[in-house]
Amino acid sequence: MALTSELSLDNLLQRLTSVAAELTAARYAALGVIDPTGSHLERFITHGIDEEARAAIGDPPHGRGILGALIRDARPLRLHAITDDPRSVGFPPNHPPMTAFLGVPILLRGVAYGNLYLTDKAEGADFSEADQEVVGMLASQAAVGIENARLYESATRWSRQLEALIEGSGALARETDVD
């Protein structure tokens, strides 16, 4: 309920990453939003990495390697060690080391809107099937919240444009000299 009632998309995405980390005891969590073409990430929200560390890493990921694999194949993925997977392209300089991985797609009407990524479960454990199920349920509920937030932002933008048009037409009507 808390997720589906959130109207700010940025707040929703940030909250979602935090809740996913908390529910799975993950040290790091991220949410990647896939661009409308479905080819790369347009937004990347993180949890567990402070602003200074994030700045030191540089540009956010674009959706290659393991993250790209989840974009192309929207199915949950659990790995014991990210770097052991042949699709891994490594980490940029200043990136914290990460091992265990869980990636779960956020699907909206059968289309991947994004993915939740979790790494480094507490005490060095691997993510379990139960973790995957919990994050999958969270992702399903999040899809509804994401849709609501997008609709709200779109309606607000449309309302502002309509108000500007009305204001502009009123000003134009006052300036027109009609016989």
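Here are the numbers for the structure shown:
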quantity	calculated
Inverse of mean 1/r across different Cα pairs in the stretch 112-159, Kirkwood, Å	12.9
Set of the stretch 70-95 residues, backbone N closer than 15 Å to the point 7 Å along the Cα-Cβ line of Ala25	none
Pair Asn94, Glu52: separation of 7 Å Cα→Cβ label points (nm)	1.2
Sum of side-chain charges, His47 neighbourhood, beta-carbon under 13 Å (Lys, Arg +1; Asp, Glu -1)	-1
Karplus-derived HN-Hα couplings along the stretch 27-35 (A = 6.51, B = -1.76, C = 1.60, θ = phi - 60°), whole Hz, x at Gly and Pro	6, 10, 9, 8, 10, x, 9, 7, 5
Computed FRET value (nearest 0.05) for Arg43 with Asp85, which takes r as the C-beta separation and R₀ as 30 Å	0.80
Tail beyond 13 Å, pair distance distribution of the stretch 135-174 (Cα, percent)	64
The stretch 68-113: trypsin sites (Lys or Arg not before Pro) in DSSP coil with no more than 11 other Cβ atoms inside 10 Å	Arg109
Carbon + sulfur, % of accessible area of the chain - ligands and nucleic acids excluded, 1.4 Å	54
The chain - charge dipole about Cα centre, Lys and Arg +1 at Cβ, Asp and Glu -1, debye rounded to 20	460
Diffusion constant of the stretch 1-89 at 10 °C, which comes from Stokes-Einstein with the Kirkwood Cα-pair radius and 1.306 mPa s, µm²/s	110
Mean ellipticity per residue at 222 nm, deg cm²/dmol - from DSSP H runs of n ≥ 4 across the chain, formula -39500 (n - 2.57)	-15000 deg cm²/dmol
Per-residue HN-Hα couplings for the stretch 38-48 [Karplus 6.51, -1.76, 1.60; θ = phi - 60°; Hz; x = Gly/Pro]	x, 9, 7, 8, 9, 8, 9, 9, 10, 9, x
Span per principal axis, largest first, for the Cα atoms of the chain (Å)	81, 35, 28
Extension gain from Asp35 to Ser8, taking 0.36 nm per residue of separation minus the Cα-Cα distance	7.9 nm
Computed accessible area, Met137, all protein chains, 1.4 angstrom probe, square angstrom	120
Neighbour-limited loop hits for GluC sites (Glu not before Pro), the stretch 49-146 (at most 13 other Cβ within 10 Å; DSSP other than H, G, I, E, B)	none
Heavy-atom surface of the chain, accessible at 1.4 Å and reported per residue (Å²)	59
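The values are calculated or read from the model by the stated rules, or taken from the named source; none is laboratory data. If you're wondering where the values come from, they're calculated on a predicted model, not measured in any experiment. Here Cβ is always computed from backbone atoms with ideal geometry, including for glycine, and neighbour counts include all displayed protein chains. To get the accessible areas, we keep the full protein, side chains included, count just its heavy atoms, and leave off ligands, DNA and RNA. Shrake-Rupley method; radii C 1.70, N 1.55, O 1.52, S 1.80 Å.
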